[in-house]
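This report refers to the structure that appears directly beneath it.
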Amino acid sequence: MVLDDLFLARRISDKAGELLPTLVHQRYKLKRSIVVASNRVVQDWGKYLGDNTMATTILAQIMHRAHILEFEGKSYRLKERHHGSRA
């Protein structure tokens, strides 16, 4: 399962907020993969979910067997856009 641009809107709908912990728990229980791509730091997930306890539970399950990749620097898309505008 891939969760791309998670919390892009800063706040997910109540329905999605109810579904997310169930999906994560089921994937965790079955030892299935979850790929999460987000520009939001995990420390703010409670704010975006509206529930710090739920965010902690979700993160504990996602990160238990996780390989975390953090990318820093300027956006490749913005660099490409800026470079393309010169042509």
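Let me confirm something: among G84, G50, which residue is surrounded by 12 or more Cβ atoms within 10 Å (Cβ to Cβ) and modelled with pLDDT under 90? I'd like the intermediate steps shown before the answer.
Details: G84 fails: surrounded by 12 or more Cβ atoms within 10 Å (Cβ to Cβ).
Every option except G50 fails the conditions.
Quick check: anything in region 17-36 of a type in the set (S, T, N, Q), in a helix (DSSP H, G or I) and without any contact (Cβ under 8 Å) to a residue 24 or more places away in the chain?
Initial filter on region 17-36 (of a type in the set (S, T, N, Q)): 22, 26, 33.
Still in the running and in a helix (DSSP H, G or I): 22, 26.
Filter again for without any contact (Cβ under 8 Å) to a residue 24 or more places away in the chain, leaving 22, 26.
Looking for residues that are of a type in the set (S, T, N, Q), in a helix (DSSP H, G or I) and without any contact (Cβ under 8 Å) to a residue 24 or more places away in the chain, one finds at least one in region 17-36, hence yes.
Being free of Cβ contacts under 8 Å to residues at least 24 places away in the same chain and in a helix (DSSP H, G or I) is the filter here, so list the residues in region 48-73 that pass it.
Of everything in region 48-73, those that are free of Cβ contacts under 8 Å to residues at least 24 places away in the same chain and in a helix (DSSP H, G or I) turn out to be N52, T53, A55, T56, L59, A60, M63.
Looking at (1) in contact with a Leu (Cβ under 8 Å, 6 or more places away or on another chain); (2) of a type outside the set (K, R); (3) outside any loop (DSSP other than H, G, I, E, B), can you tell me which one I12 breaks?
Among (1) in contact with a Leu (Cβ under 8 Å, 6 or more places away or on another chain); (2) of a type outside the set (K, R); (3) outside any loop (DSSP other than H, G, I, E, B), the lone unmet condition for I12 is (3).
State all residues of region 6-34 that are within 23 Å of S75 (Cα to Cα) and surrounded by 12 or more Cβ atoms within 10 Å (Cβ to Cβ); if no residue qualifies, say none. I'd like the intermediate steps shown before the answer.
Step one: filter region 6-34 for residues within 23 Å of S75 (Cα to Cα), giving 6-11.
Within region 6-34, L6, F7, L8, R11 qualify.
Which condition does Q43 not pass, out of (1) surrounded by 13 or more Cβ atoms within 10 Å (Cβ to Cβ); (2) under 14 Å from the mean Cα position of the chain (by Cα), if it passes all the others?
(1)
For region 60-79, which residues satisfy the criterion of being over 30 Å from K31 (Cβ atoms) and aliphatic (A, V, I, L, M)?
L78
The values are calculated or read from the model by the stated rules, or taken from the named source; none is laboratory data. Here the structure is a predicted model, which is why all the values come from computation and not from measurement. Cβ coordinates were reconstructed from backbone atoms using ideal geometry, including for glycine residues, and neighbour counts include every protein chain displayed.
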